[in-house]
Amino acid sequence: MTDQPVDYHPMWEELGLDLPSHDALLTAVGQLFGDAYLTQENRPKGMDYLNFVMSEVHGLRIKELDDFRKQGGKVFGTFCLYVPEEIIRAAGGWSVGLCAGAEFAYDQVEQIMPRNTCSLIKSFMGFKLAKVCPYIESADLVIGETTCDGKKKAYELLGEIHNTWVMELPQMKRPEDLAMWKAEVRELVKKAEEVTGNTITADSLRAAIKEVNDKRRALQRIAAASAADPSPISGKDRLLATQVAFYDDVPRFTQMMNALADELEARAGAGEGVAPRGTKRVLVTGTPMALPNWKIHDIIEKAGAVVVAEEMCTGSRYYQDLVPEDGTTLDEMIDAVAEKYLDINCACFTPNQGRIDDVVRMAKEYGADGVIDLSLQFCGLYEMESHGVEAAVREAGLPVLKITTDYSMEDVGQLSTRVEAFLEML
Ligand code: BJ8
């Protein structure tokens with residue numbers, strides 16, 4: 001054993017990364033993380049694990065993927081909650097979320113897609129074009145999905161430079177849509193088997209369902225502990241846990257998050273929090289925040305409030321529902337996976353009342369004093385839906401602040417002023 005930091009440059013070079021750009025990216029993310037995370041007080045001890053994961057997010061984890069691939073394993077990259085991790089794991093593959101949370105190489109991106117595309121899409125394309133995301137370079141297959149128009153078309157562009165396969169997602173939740181989605185999940189079964197060379201069996205799918213449910217259960221415990229006043233964990237830390245859930249080794253992550261949840265439950269029981277009792281509590285809803293996008297949580301918490309819940313894909317939509325574990329045949333289990341995934345409330349569905357109901361229910365459950373509804377600029381889906389969210393939250397007697405932003409830091413000052421004014425009003 002040595003305390004010398006490992007030099008991962010040879011591995012990154014082998015993956016084809018642009019080393020100077022990648023070094024610059026890692027420096028920037030390290031600074032961002034230090035400023036947003038390491039300045040927090042009263043953090044739970046269990047966050048040490050996530051600090052470590054962050055310090056090795058392009059290092060040790062990529063080495064694990066590399067070792068896995070060198071032993072014949074296959075890695076699947078995804079950008080969306082609708083791609084069922086259980087199917088990939090049942091085929092013996094590993095699923096990883098891909099880099100999409102920071103501005104990078106937009107000059108190159110804007111040569112192939114419109115400037116007025118949302119940051120998430122521009123970001124993933126920028127990371128790919130600039131060769132700075134070791135996750136996508138480790139992905140044997142990227143699985144896209146027909147959610148919004150922007151992503152759908154971006155996968156065509158991505159498909160020209162990376163092995164990409166797209167799942168067709170219905171936009172409604174009628175019985176005929178569910179039937180179509182079940183067929184599509186069966187196509188994924190075939191694709192995962194073809195890529196890995198393994199056959200998915202009832203036993204392997206049962207084990208994968210249990211494993212992924214366990215991960216979601218651990219995140220549910222962390223969320224539930226946040227309902228205490230004072231909250232035993234900051235919103236930023238809880239957000240980080242959900243972001244890392246997309247990348248990390250599943251059993252290890254589950255074990256570490258259960259240890260964190262044990263600590264949070266003890267802290268909540270003892271009345272220990274990250275901020276004093278009575279600190280203003282905010283629920284955040286809207287577009288997902290891919291790593292390393294911590295901007296809005298950082299602004300809210302630096303303004304003196306605490307984020308107590310996230311109704312978003314990097315939040316409750318990821319972990320609130322489980323796949324039933326009582327299926328006995330492979331067919332029953334595939335159907336159960338499809339049903340669970342179609343239940344996710346993304347704004348690409350119409351109608352999407354389930355999301356609005358969740359926002360109101362969660363605001364009550366977590367004792368929120370107000371709701372912040374976040375849309376990424378040029379995301380027509382969430383920007384449009386914010387009207388209905390606002391009306392329902394006001395009807396429930398809570399104030400709501402609508403924010404439309406992107407990944408740049410240019411509007412941080414202006415957003416901080418708006419958030420401070422909102423918090424004062426609560
Ligand atoms: S399930 S929210 S992860 S699609 S912000 S790229 S919608 S223009 S991210 Fe999403 Fe899956 Fe839905 Fe969740 Fe398009 Fe909007 Fe951009 Fe978006």
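Dividing the Cα radius of gyration of segment 307-412 by 2.2 N^0.38 Å, with N the residue count, gives 1.24.
Once the C-beta distance of Q4 and N163 is scaled by a Förster radius of 35 Å, the resulting FRET efficiency is 0.45 to the nearest 0.05. Straight Cα distances below 24 angstrom link K45 to the lysines K215, K236, K280, K295, K302, with same-chain residues fewer than 8 positions distant left out.
Mind checking the full-extension length gain between N51 and D326? Use 0.36 nm per residue of separation minus the Cα-Cα distance, one decimal, nm. Provide the component values of the computation, followed by the final result.
Values: separation 275, 0.36 × 275 = 99.00 nm, distance 3.64 nm.
So the extension gain works out to 95.4 nm.
Could you tally the net charge around E137, taking each other residue with its Cβ under 9 Å from the Cβ of E137, Lys/Arg +1 and Asp/Glu -1? My count for the surroundings of E137 gives +2. Under the simplified labelling scheme, the D67-Q414 pair shows an inter-label distance of 4.8 nm, with each label point 7 Å from Cα along Cα→Cβ.
With R₀ set to 45 Å, the beta-carbon distance separating L60 from I112 gives a calculated FRET efficiency near 0.85. Its relative contact order, with pairs defined as Cα atoms under 8 Å and 6+ residues apart, puts segment 9-425 at 18 percent. Shape analysis of segment 355-426 places it in the oblate category; the axes a ≥ b ≥ c from the Cα gyration tensor give an a/c of at least 1.5, with a/b not above b/c. Each residue of segment 362-369 was assigned a 3J(HN,Hα) from its phi angle through the Karplus expression (A = 6.51, B = -1.76, C = 1.60, θ = phi - 60°), giving 5, 4, 6, 4, 9, x, 6, 8 Hz with x at Gly and Pro.
Charge tally for S204 (other residues, Cβ to Cβ under 12 Å; Lys, Arg +1; Asp, Glu -1): -1.
Taken one residue at a time, the phi angles of segment 58-64 give Karplus couplings (6.51, -1.76, 1.60, θ = phi - 60°) of 9, x, 4, 5, 5, 4, 4 Hz. Gly and Pro are set to x. One quarter of the surface of the convex hull around the alpha-carbon atoms of segment 281-346 equals 5.4 nm², the direction-averaged projected area.
Please tell me which of these pairs span more than 21 angstrom C-alpha to C-alpha: K153/K173; K63/K151; K63/K153; K74/K191? Please report the intermediate quantities before stating the final value.
Values: K153/K173 23 Å; K63/K151 29 Å; K63/K153 32 Å; K74/K191 12 Å.
Correct reply: K153/K173; K63/K151; K63/K153.
The phi torsions of segment 300-310, fed into the Karplus equation with coefficients 6.51, -1.76 and 1.60 and a -60° offset, translate into couplings of 5, 6, 6, 7, x, 9, 10, 7, 9, 6, 10 Hz, rounded to whole numbers, with Gly and Pro shown as x.
Taking amide H as placed 1.01 Å from N in the peptide plane, M167 has its amide H under 5 Å from the amide H of G144, E145, T146, each at least 5 places away in sequence or on another chain. Full extension of the segment from A396 to D23, taken as 0.36 nm per residue of separation minus the current Cα-Cα distance, would add 129.5 nm. Shape class of segment 8-122 from the alpha-carbon gyration tensor: rounded, with the ratio a/c of largest to smallest axis under 1.5. Rg and Dmax of the chain, based on Cα coordinates, read 20.6, 60 Å.
Contour minus end-to-end for K210 and M172, with contour as 0.36 nm per residue of separation and end-to-end as the Cα-Cα distance? Please list the in-between numbers first.
Details: separation 38, 0.36 × 38 = 13.68 nm, distance 2.79 nm.
Roughly 10.9 nm would be gained on extension.
About its Cα centre, the dipole of the chain is roughly 460 debye, where the only charges are +1 on Lys and Arg Cβ and -1 on Asp and Glu Cβ.
Readers should treat all values here as calculations from the given coordinates under stated rules, not as data from a laboratory. Not measured: the values here are computed from a predicted model. Glycine gets a Cβ as well: all are built from the backbone with ideal geometry, and neighbour counts include every protein chain shown.
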